[in-house]
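Chemist: Sharing a structure here in structure tokens format.
Derivation of every value follows stated rules applied to the coordinates shown; laboratory data play no part. Fair warning: this is a prediction, and the values are worked out from it, not measured in the lab. Here the Cβ positions follow ideal geometry from the backbone for every residue, glycine too, while neighbour counts run over all protein chains shown.
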Amino acid sequence: MTTNIDTTITGNDLTGLGIEHGPIFGIALAAAKAAEDQVGRSGALALVRDAIDAPDTHLEHPLVGALATALVEEAAREAALPAPFTEREEPAPYASWCADADPGALEQMANSMRLPSTVRGALMPDAHRGYGLPIGGVLATEGTVIPYAVGVDIACRMKLTVLDIDPATLRGSKDRYEKTLLRETAFGTGAVLNAKDRLDHDVLDSGRWTELQLLRNLREKAAAQLGTSGSGNHFVEFGELTLTEPDLGLEPGTYLALMSHSGSRGPGAMVAGHFSRLARELHPTLPDELAHLAWLDMDSDEGRAYWYAMNLMGDFASACHWVIHERVRTALKAKVLTSVENHHNFAWLEEHDGRELVVHRKGATPAG
């Protein structure tokens, strides 16, 4: 046992071992002093050094076990901390067809090019500021999906159906057509159809609604809102379609057409909100201007769940349009000559330059 005051271990000795001042420092100093009484100064410092180098093997040691335990717990806490955000060394490139984009859209596009998984992007001619990614923005990432780059109204789309009705009747029977639209769909935030007015669709019978608790909770809302149109810039309208050459399987001429614009309604908004919050929670170190670009890794449980839910919302949005058009067609006792639709708030897995990319299109559709 040593009792030499001149050689007593001090904080400077621990600093020399690389231990910084903090909670661990006090535990280490107490352990070193206790060990010094048993094995001397050099032996105590050697024990502390060994505990620092390999704490897992010293957890039960009678002299430095408490220090080893504290070191293991501190390492676990640090490992659980989110990694700091590291952006690309250079922004990814993007093409622009928007000659006079508003500054907000340009800022959002520039921000999206800073993400570590971004490969490239594009800005459409009518782009304008949105949430995270501009509306009219295209973003290709590798290995990640960004809920807000898809958008709140997942799979929002437009559908056109050409009917076998003389388009001249639009002018002579305007009231009839207006009343048909108001009767056969429902407009407004939270709009639903009465149970007796609802049409069945396979999308509601799909077992896919049972795969996630979130989707199970949304199944009844989906049933109530199937065939509704929502609010904002969503609409259902009649018009004349003029073809100057054969297209869509039709001969040149003027036709009566029904067009609708809406998305996945309340269920889609709730899916978007849920996974956007989750993505932000997983990346709390993102700077404020990138918070709405928080991502989910495609090979994670969260990323797979979002991809699954997003695709179901795509099918649900398509079903909504089918129900709207079918109800109107039936009410008018018309036949469908042709129909076409496409969605513009979605993400696709695509191969570009030999790489599988997640291509987000918000307010944009695939070319071709």
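Chemist: What FRET efficiency comes out for the pair Ala99/Lys221, r = Cβ-Cβ distance, R0 = 45 Å, nearest 0.05?
Modeler: 0.60
Chemist: Report ³J(HN,Hα) in whole Hz for each residue of the range 305-317, in order, from the Karplus equation J = 6.51 cos²θ - 1.76 cosθ + 1.60 where θ = phi - 60°; Gly and Pro get x.
Modeler: 5, 5, 4, 4, 5, 4, 5, 5, 5, x, 5, 5, 4
Chemist: Order these by the 10 Å Cβ neighbour count, fewest first: Val39, Val48, Val359.
Modeler: Val39, Val359, Val48
Chemist: Related question: Past the 23 Å Cα-Cα mark, which pairs from Lys335/Lys362; Lys159/Lys335; Lys159/Lys362?
Modeler: Those over the limit are Lys335/Lys362.
Chemist: Please arrange Lys159, Lys362 by counting, for each residue, the other beta carbons lying within 10 Å of its beta carbon, fewest first.
Modeler: Taking fewest neighbouring Cβ atoms as first place, the list is Lys159, Lys362.
Chemist: Divide by every residue of the chain the summed helix terms, -39500 (n - 2.57) for each DSSP H run of at least 4, and state the resulting mean residue ellipticity at 222 nm, rounded to the nearest 500 deg cm²/dmol.
Modeler: Dividing the helical sum by the residues of the chain leaves -13000 deg cm²/dmol.
Chemist: Something else about it: What net charge do the residues around Gly121 carry, taking every other residue with its C-beta under 13 Å from that of Gly121, with Lys and Arg at +1 and Asp and Glu at -1?
Modeler: So the environment of Gly121 carries a net charge of +4.
Chemist: Using Cβ counts within 10 Å as a stand-in for footprinting exposure, how do Trp307, Trp322, Trp295 rank, fewest first?
Modeler: With the fewest neighbours first, Trp307, Trp322, Trp295 line up as Trp307, Trp322, Trp295.
Chemist: Take the Cα of Glu240, step 7 Å along the line toward its Cβ, and report every residue of the range 161-186 whose backbone nitrogen sits under 12 Å from that point.
Modeler: 167-172
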